[in-house]
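The values are calculated or read from the model by the stated rules, or taken from the named source; none is laboratory data. Worth saying up front: this structure is predicted, and the values here are computed from it rather than measured. Cβ coordinates were reconstructed from backbone atoms using ideal geometry, including for glycine residues, and neighbour counts include every protein chain displayed.
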Amino acid sequence: MRIRPATAADRQAIVDITLQVFRPVSIDAAIEAQFGRLRETDWRDRKRRDVETDLQDNLPGCFVAEEAGRVVGYVTTAVDAEAGVGSIHSLAVAAAQQGKKLGKALVTHAFDYFEALGLEHSRIETTTTNEVGMRFYPSMGYREVARKIYYFMDLKDRKDR
């Protein structure tokens, strides 16, 4: 297994892995479970757009894990150079490859990228439904600093009228 910079040619493999593994931890999937599809989109459409935006906005900070010439995981990042903070936006490993420490290798690569840019801090967010992430991120050195609650409503249920 090797980690290398992502290229535009990796886009479909990255999207495929995303759609394969993100449903249990996706806020958009949780919204869809309670409210149904939003217009003509589903959670996959919105998550695909998120990952594609990460690739477009900072392709040099996106990395893939490759095994036998096939992308089996990825990490996307964003950089706030002014604050000295590198953020990990998405991290995913194909279901068949999980448990092989690929996530750790990808996060380590992101840390190295951040340090090479002269950044001093790293940030990541997860949901409480992401039990793996809730254990994994602290094992990498992250400390919980706050919790965020996601609310959603159908505007026909407004209480202000």
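Summary of computed values
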quantity: Wholly within the stretch 1-85, helices (runs of 4 or more DSSP H) carrying at least 3 residues that are exposed (fewer than 15 other Cβ atoms within 10 Å of the Cβ), out of contact with any His (no Cβ under 7 Å at 6 or more places or on another chain) and not charged (D, E, K, R); calculated: 27-35
quantity: Unique residue being in contact with a helix residue (DSSP H, G or I) (Cβ under 7 Å, 6 or more places away or on another chain) and not basic (Lys, Arg) when the list is Asp28, Asp45; calculated: Asp28
quantity: Close pairs (8 angstrom Cβ cut-off, 6 or more residues apart or separate chains): under 18 Å from Phe111 (Cα atoms) in the stretch 121-137, among the charged types (D, E, K, R) and at pLDDT 95 or above anywhere; calculated: Phe136/Lys104
quantity: Every residue from the stretch 1-18 that is modelled with pLDDT of 95 or more, out of contact with any strand residue (DSSP E or B) (no Cβ under 6 Å at 6 or more places or on another chain) and of a type in the set (A, V, I, L, M, F, W, C); calculated: Ala9, Val15
quantity: Some residue of the stretch 16-30 being closer than 24 Å to Tyr113 by Cα, touching a Phe, Trp or Tyr at 6+ places or on another chain (Cβ under 6 Å) and touching a residue at least 12 places away in the same chain (Cβ under 8 Å); calculated: no
quantity: Number of the condition not met by Ser87 [criteria: (1) within 23 Å of Val145 (Cα to Cα); (2) more than 14 Å from the chain's Cα centre (by Cα); (3) among the polar types (S, T, N, Q)]; calculated: (2)
quantity: All positions within the stretch 92-129 that are closer than 20 Å to Val15 by Cβ and either basic (Lys, Arg) or in a strand (DSSP E or B) (or both); calculated: Ala92, Val93
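Per-residue answers, yes or no, for (1) of a type outside the set (Phe, Trp, Tyr); (2) within 18 Å of Ala78 (Cα to Cα); (3) surrounded by 15 or more Cβ atoms within 10 Å (Cβ to Cβ); (4) at pLDDT below 95:
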| site | (1), (2), (3), (4) |
| --- | --- |
| Ala110 | yes, yes, yes, no |
| Tyr113 | no, yes, yes, no |
| Leu117 | yes, yes, no, no |
| His121 | yes, yes, no, no |
| Thr129 | yes, no, no, yes |
| Tyr142 | no, yes, yes, no |
| Val145 | yes, no, no, no |
| Met153 | yes, no, no, no |
| Arg158 | yes, no, no, no |
